Every structure is written in structure tokens, then in C-alpha cells.
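Participant: Dumping the structure here so I can ask a few things about it.
Throughout, read-outs are computed from the coordinates displayed, never taken from laboratory work. Keep in mind that this is a model prediction, so the values were computed, not measured. We place every Cβ from the backbone using ideal geometry, glycine too, and count neighbours over all the protein chains shown.
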Amino acid sequence: MNENLFASFITPTIVGIPIVILIIAIPSILFPSPTRLITSRLTSLQQWLIQLVLKQLMMIHSIKGRTWSLMLISLILFIGSTNLLGLLPHSFTPTTQLSMNLGMAIPLWAAAVITGFRHKTKMSLAHLLPQGTPVLLIPMLVIIETISLFIQPMALAVRLTANITAGHLLMHLIGGATLVLTSISPTTASITFIILTLLTILEFAVALIQAYVFTLLVSLYLHDNT
């Protein structure tokens, strides 16, 4: 129990060289491109799920917004597979790093906002000032809406980081408590083990839900600007 609680969040290295890039590239192996005319059941299921999710994401978009379909489906597949692989024992989850999540959120948010100001300048500026605002409140509301606009990518990144990190910490704490209680009170250890099992199932769901929420919010930002 002397292990650092945050040891699993430290970036792994080999000979002092960080291997995060290698870890990030691993999920791409799980989604191979079909090379046969008749695909396997697993590939067919994978393509069906991708089409289902893509249809849900693109339902609200215009033709211009649908040009982002490849980007959005790649994003949800990457985050979801990374979160699931991070639940394996002795693994590292890149999405627990705020820097990486900001690296995904800021460019996507900036691209959506720039697209809006480029193609729908008046409507994008109108979002900074609600209709019917009293003249005296205009400067304050413009500042508030501008700040809220720039907070959006931070909220995206912090939401993903906090949910994934909290789940890993909780599993670590309950797992350590179960290990200690095994020699003290087997009955209590059995109860904590059941709780740990249920929490693990919940974390599998959270891993997929957070990937969907992150991508959905990016999609909504894009919808507001196209």
C-alpha cells in the first residue's frame, strides 16, 4: 500500500524516452481496414456501429457540417478505444492527461469557431449578444459571452479528464481496500469485491459515454457555426 496513488497517471518511459506517441497509436490497430469483398462478422458489426453513431452525429448538420463526418467518427473511435484500453491492468490512459485533452479540444473548437466567423459572420457575432438586451448591459454581456466562448474547450478537456481520472482513482482505492480486507475480514472483502466488479462495469460504460459526450459537444459547436 506504499504505492503512490497517482503512479498510474505518470507518463511511461523507456530509457528515459516517453512512449506516449506509441501508446496513442495502439488503438488504430483495433480498427483495421477490410481487405476482403466479404467481411467477417466482427468487421460487419464494427461498420454497423460506426454508421449508427455517425448517423446520430450528422442528423442535425447541414451539408457543410457533414464534411466533418470523418473527423468526428475518428475522434469518437480514438477516445473510446483509448479509454477502454486504459481499463486493462498495468496500462496507461492518455485521456487522464489534461494536456492531451486540451490538445484535442482546442484545435477542434477553434476550427469550428473560425468556420462560423468565416461563413456566418453576422450570426456568430449575434451569439455574443442576446436579442433584446438593454443598452446599459451590452458591454457586460459581450464580455461574459466572450469569456464563455473561450471557456468551451477548457470545459471539454476538464470534463473528460475529471471523469476518467476519478473512475481510475476510485477503482484503485476500492481494489486496495479489498486486498487489505482479504486477510482481515473475508466477508467484508467479498462485499467490496462485488462493489469493485460493479464499478468496473460502470467504468466501461463511462469510457464509451465520455467519448460520445466529447464528440457530441464538438458536433454541437460545429452545428452552431455552420
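Participant: Output wanted: per-residue J couplings in Hz (rounded whole) for the range 97-114, from phi through Karplus 6.51 cos²θ - 1.76 cosθ + 1.60, θ = phi - 60°, x for Gly and Pro.
Facilitator: 9, 4, 4, 5, 5, 5, x, 8, 6, 5, x, 5, 5, 5, 5, 5, 5, 5
Participant: Then there is this: What does the highest-first list of 147-159, 78-90, 184-196 look like by mean Cβ count within 10 Å?
Facilitator: Details: 147-159: 15.5, 78-90: 17.3, 184-196: 13.2.
Ranked by mean Cβ neighbours within 10 Å, highest first: 78-90, 147-159, 184-196.
Participant: Could you give the length gained by full extension between LEU49 and VAL135, i.e. 0.36 nm per residue of separation minus their alpha carbon distance, to one decimal place? Please report the intermediate quantities before stating the final value.
Facilitator: Working: separation 86, 0.36 × 86 = 30.96 nm, distance 5.02 nm.
The LEU49-VAL135 span can extend by a further 25.9 nm.
Participant: I've got another one for you. Nearest 0.05, what FRET efficiency do ILE14 and SER99 give at R0 = 25 Å with Cβ-Cβ as r? Before the final figure, lay out each step's value.
Facilitator: Numbers: r = 20 Å, r/R0 = 0.80.
After rounding, the FRET efficiency stands at 0.80.
Participant: Mind checking the full-extension length gain between ILE195 and LEU179? Use 0.36 nm per residue of separation minus the Cα-Cα distance, one decimal, nm. Intermediate results must be reported in sequence, preceding the final value.
Facilitator: Working: separation 16, 0.36 × 16 = 5.76 nm, distance 1.31 nm.
Fully extending the segment from ILE195 to LEU179 adds 4.4 nm.
Participant: With n ≥ 4 as the cut-off for DSSP H runs, can you work out [θ] at 222 nm for the chain, using -39500 (n - 2.57) per run divided by the number of residues, rounded to the nearest 500?
Facilitator: Numbers: 7 runs with 152 residues, N = 226.
Roughly -23500 deg cm²/dmol at 222 nm, from the helical runs in the chain.
Participant: Work out, step by step, the length gained on full extension between ALA205 and SER28: first 0.36 nm times the residue separation, then minus their alpha carbon distance; give nm to one decimal. Can you show the working numbers first?
Facilitator: Values: separation 177, 0.36 × 177 = 63.72 nm, distance 2.06 nm.
Stretched out fully, the ALA205 to SER28 stretch lengthens by 61.7 nm.
Participant: Per residue of the range 73-78, in order, report the coupling 6.51 cos²θ - 1.76 cosθ + 1.60 (Karplus, θ = phi - 60°) as ³J(HN,Hα) in whole Hz, putting x for Gly and Pro.
Facilitator: Couplings: 6, 5, 5, 5, 5, 5 Hz.
Participant: Mind checking the range 44-77 for trypsin sites (Lys or Arg not before Pro) that DSSP puts in a loop (not H, G, I, E or B) and that have at most 16 other Cβ atoms within 10 Å?
Facilitator: For trypsin sites (Lys or Arg not before Pro) across the range 44-77 that sit outside H, G, I, E and B with at most 16 neighbouring Cβ atoms in 10 Å, the list reads LYS64.
Participant: Calculate the length of the line joining the C-alpha centroid of the range 39-76 to that of the range 156-184, in whole Å.
Facilitator: Measuring centre to centre over Cα atoms gives 32 Å.
Participant: Given an 8 Å cut-off on Cα distances and at least 6 residues of separation, report the relative contact order of the chain as a percent. Can you show the working numbers first?
Facilitator: Values: 177 pairs, mean separation 67.1, N = 226.
Value for the chain: 30 percent.
Participant: What translational diffusion coefficient, to the nearest whole µm²/s, does the range 74-118 have by Stokes-Einstein, given a Kirkwood radius computed over alpha-carbon pairs, a temperature of 20 °C and 1.002 mPa s viscosity?
Facilitator: Reported coefficient: 180 µm²/s.
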